[in-house]
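Take a look at the structure below.
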Amino acid sequence: MTTGGWIIMILAVAGMTGLLTWCIYKVLSTPGSSEHIHAQTDIDPGDSKEE
Amino acid sequence: MARQRDRWGTRIGAILAVTGSAVGLGNFLRFPGQAAQYGGGAFMIPYIIAFLIVGLPLAWAEWALGRYGGAMGHNSVPGIFRSLTGRRSGAYIGLLGTLMPVMIYMYYVFVEAWCLAYAWDFLVGNFAVFGSDAKLIGDHFTASVGAAENGDVFSGPAARMLLFVIVCFIVNFVMIYRGVSKGIEKFCNIAMPLLVICAIVVLVRVLTLGSPVPDKPDQNVINGLGAMWNPTKGDKTLFETLSNPEIWLAATGQIFFSLSVGFGLILTYASYMKRDDDVALSSLTAAAGNGFCEVVLGGMIAIPAAFIFLGQGVVDNPPGTFGMGFVALPNVFNQMPAGQFFGFLFFFLLFLAAVTSSLSMLQPSIAMLEEGLGIGRKASVTMLSFMTLTGAAFVVYFSKGFTALDTIDFWMANFFIFILATFQVILFGWIVGIDKGMSELRRGAEIRLPNFLKIVLKYISPLYLIAVFSLWCRYNLPGRFKAIISPPKGQPPVILMSLGLILVVAAFFAMIVNLANKRWDKQETSE
């Protein structure tokens, strides 16, 4: 493992972990956010009851 | 107090749903394969750049455009593009947003079957007999998926895989046909966090492996991490590696693939949202969850494990885009306490993650058939089942060296995804207009989006995409064409046939778009 490898690994891992932590903090600390945020999987196309 | 607890439960549930939706085969299987193929640490430089200046901005743009298109009465990508461009020709560009998910589905279901087969193998203890013999585990993968010879999955040594493919196909289509994706979504809100916890357990085991191959002390954890993260490999300098436009194309394609942006999925799903639902924090959280699973878990597990057990050779020549995890991870499970249980749990949860992804992959084409032909969900799903069954059978039959799988993956998930992504940022920044686009994105946003995002989406993202694509076409396209027209001697022209399959499916959807345009013309005239 070279110095360049350590630098890239630490920056990438810390960056992604930091971003996720900030997002979790934001959802937990913003009132009402859980009602307005959506995952792709929880969106209902609404066409399954038509037939 | 009880109300306070409920609120926290709802918020944590929302976080799990959003971050869990991002987890899939792209994180744990495709990413390590791409990183290994394109230089490990060097690959991470264009990867992070693409994440920041294209992936995340495009995710925001796509959610906003989709929700806006939905408000204009369209759910299919061609319909949304026609509305937003104000031109009939816009619908034909949107054809790519229907074609790509269907084509990706055709091989995705095959890889899904590998996960199910491995879960089964761990459950019944098939891997225990291999012990610590890494070569036997590698051979098991080749034999299981028919990588040695075309047709092996139909009548050769890999014939049992056909059963798993059929099971996956039936599971997918029953769920899509009956519209029970809401049920599996609730289940996956528990299963996906469990997959992440399972991956963290595996990561801890990989990082504590030491040097498990007694006569090869160099194959240790630190060197394994080096195989993934070192920016230089062999004689090539970092500059030489980064000078190849293909690494930039592949890194950006990986960002698109794992964030599910650039190929129409999000446009379609966002079109079903309410006007004031948040898209800014939702997509940022999904992207962050995806990045965490991909870089921290995907990047720290498969390549280091492959290096530790199988040496540099496997890292330099990974077994296909998705194969790395399947040859590396069983070794790790065989070296950990309760490895049989964790192996089963990991591959089964990965299978579930793959099912949730593949269920959503067909929604853009279902929406297109519904809008284009005026038919219902069940008729659309029936039509798609015949098409995808034929395509998947082609990919499964031509399994030797994963040529068909890798060809479709490259042209869909690296090449055409680039074209559609470029069109989408131009649509957002220039056709809809950056001010209108940003006000659409900020509608209902739970976070404050900085103004410099306007500059990124209007200038930097399109310039980056056009520059990388042009350079790739200039330096790499001739080589790709040569591979198409000159197959290895005595072998069927699988690359050419794969492109033929793409062309046939594209022609079908072009016909549907044409019919849809006529229906929309009539609707507009009557209004």
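No value in this document is a laboratory result; all are computed from the given coordinates. Values in this document were obtained by computation on a predicted structure and should not be read as measured data. Cβ: placed from backbone, ideal geometry, glycine included. Neighbour counts: every protein chain shown.
In nm², what is the average projected area of the convex hull enclosing the Cα atoms of chain B? Show your work: numbers first, answer last.
On the way: hull surface 101.7 nm².
For the Cα atoms of chain B, the hull's average projected area reads 25.4 nm².
So for segment B:230-279, what percent of the C-alpha to C-alpha distances run longer than 18 Å?
The proportion of pairs with Cα distances above 18 Å equals 54 percent.
When shorter helices are ignored and each DSSP H run of at least 4 residues is given -39500 (n - 2.57), the per-residue value for chain A at 222 nm works out to -20000 deg cm²/dmol.
Under the rule a/c < 1.5 gives rounded, and otherwise a/b versus b/c splits prolate from oblate, where does segment B:375-502 land using the Cα gyration tensor? Don't skip to the answer; put the middle values down first.
Working: a/c = 3.56, a/b = 1.59, b/c = 2.24.
In terms of gyration-tensor shape, oblate.
Modelled spin-label separation between B:Ile434 and B:Asp276, with each label point placed 7 Å from Cα along the Cα-to-Cβ direction: 2.9 nm. The calculated 222 nm mean residue ellipticity attributable to helices in chain B amounts to -23000 deg cm²/dmol, summing -39500 (n - 2.57) over DSSP H runs of n ≥ 4 and dividing by all residues. Taking each residue as 0.36 nm, the span from B:Leu52 to B:Leu194 lengthens on full extension beyond its C-alpha to C-alpha distance by 48.3 nm. What does the charge add up to near B:Lys489, with Lys and Arg as +1, Asp and Glu as -1, over the other residues with Cβ less than 15 Å from its Cβ? Once positives and negatives cancel, what remains is +2. Let me make sure I get this right: for the protein assembly as shown, a, b and c are the square roots of the gyration tensor eigenvalues over alpha carbons, sorted descending. Under 1.5 in a/c it's rounded, otherwise prolate if a/b > b/c, else oblate. Which is it? Note, shape of the protein assembly as shown comes out rounded.
Given the Cα-Cα distance of B:Phe239 and B:Leu503 and 0.36 nm per residue of separation, how much length would full extension add, in nm?
Working: separation 264, 0.36 × 264 = 95.04 nm, distance 3.69 nm.
Gain on stretching B:Phe239 to B:Leu503: 91.4 nm.
What FRET efficiency do you get for A:Ile7 and B:Arg448 if R0 is 30 Å and r is their Cβ-Cβ distance, rounded to the nearest 0.05? Write out the running numbers ahead of the final one.
Values: r = 31 Å, r/R0 = 1.04.
Taking R0 as 30 Å, the efficiency between A:Ile7 and B:Arg448 is 0.45.
What the phi angles of segment B:496-511 give under the Karplus curve with 6.51, -1.76 and 1.60, with θ = phi - 60°, is a coupling list of 4, 5, 5, 5, x, 4, 4, 5, 5, 5, 4, 5, 4, 5, 5, 5 Hz, glycine and proline written as x.
Find out how many positive minus negative residues lie around B:Phe469, taking Lys and Arg as positive, Asp and Glu as negative, among other residues whose Cβ is under 15 Å from that of B:Phe469.
On the way: positive: B:Arg474, B:Arg480; negative: B:Glu246.
Net charge around B:Phe469: +1.
Compactness of segment B:99-237 is given as radius of gyration and Dmax, 19.1, 55 Å, from Cα positions.
Between B:Leu163 and B:Leu471, the modelled labels are 5.0 nm apart [label points 7 Å from Cα along Cα→Cβ].
Restrict the search to segment B:443-527; then list the chymotrypsin sites (Phe, Trp or Tyr not before Pro) that DSSP places in a loop and that have at most 11 other Cβ atoms within 10 Å of their Cβ. Kindly include the intermediate steps, with their values, before the conclusion.
Details: sites: B:Phe452, B:Tyr459, B:Tyr464, B:Phe469, B:Trp472, B:Tyr475, B:Phe481, B:Phe508, B:Phe509, B:Trp520; in loops: none.
In loop regions of segment B:443-527 (DSSP not H, G, I, E or B), there are no sparsely surrounded chymotrypsin sites (Phe, Trp or Tyr not before Pro).
When restricted to Cα atoms, segment B:62-172 yields an Rg and a Dmax of 21.2, 63 Å, respectively.
So what's the net charge close to B:Tyr108: Lys and Arg +1, Asp and Glu -1, counting the other residues with Cβ under 11 Å from its Cβ? Write down the numbers at each step before the final one.
Numbers: positive: B:Arg30; negative: B:Glu112, B:Asp409.
Neighbour charge sum, excluding B:Tyr108 itself: -1.
Here the Karplus relation 6.51 cos²θ - 1.76 cosθ + 1.60, evaluated at θ = phi - 60°, turns the backbone of segment B:304-311 into coupling constants of x, 5, 4, 5, 4, 8, 10, x Hz, with x for every Gly and Pro. Counting only alpha carbon atoms, the long axis of helix A:3-29 and the longest principal axis of chain A meet at about 30°.
For segment B:247-319, dividing the convex hull volume of the Cα atoms by the residue count gives 107 Å³ per residue. Counting every alpha-carbon pair across segment B:209-353, the share separated by more than 25 Å comes to 43%.
Once you have the Kirkwood Rh of segment B:328-408 from its Cα pairs, apply Stokes-Einstein at 10 °C and 1.306 mPa s and quote D in µm²/s.
Numbers: Rh = 15.6 Å.
So the translational diffusion coefficient is about 102 µm²/s.
Spin-label model, B:Gln312 to B:Val174: label points 7 Å out along the Cα-to-beta-carbon direction sit 5.0 nm apart. Taking a virtual spin label 7 Å from the Cα of B:Ala128 along the C-beta vector, which residues in segment B:202-216 bring their backbone nitrogen under 12 Å of it? Of the residues in segment B:202-216, none has backbone N under 12 Å from the label point off B:Ala128.
Contour minus end-to-end for B:Arg88 and B:Phe341, with contour as 0.36 nm per residue of separation and end-to-end as the Cα-Cα distance? Intermediate results must be reported in sequence, preceding the final value.
Details: separation 253, 0.36 × 253 = 91.08 nm, distance 5.47 nm.
Stretched out fully, the B:Arg88 to B:Phe341 stretch lengthens by 85.6 nm.
Using θ = phi - 60° in the Karplus curve 6.51 cos²θ - 1.76 cosθ + 1.60, the 3J(HN,Hα) couplings for segment B:346-362 round to 4, 6, 5, 5, 5, 4, 5, 4, 5, 5, 4, 5, 5, 4, 6, 5, 8 Hz; x is entered for Gly and Pro.
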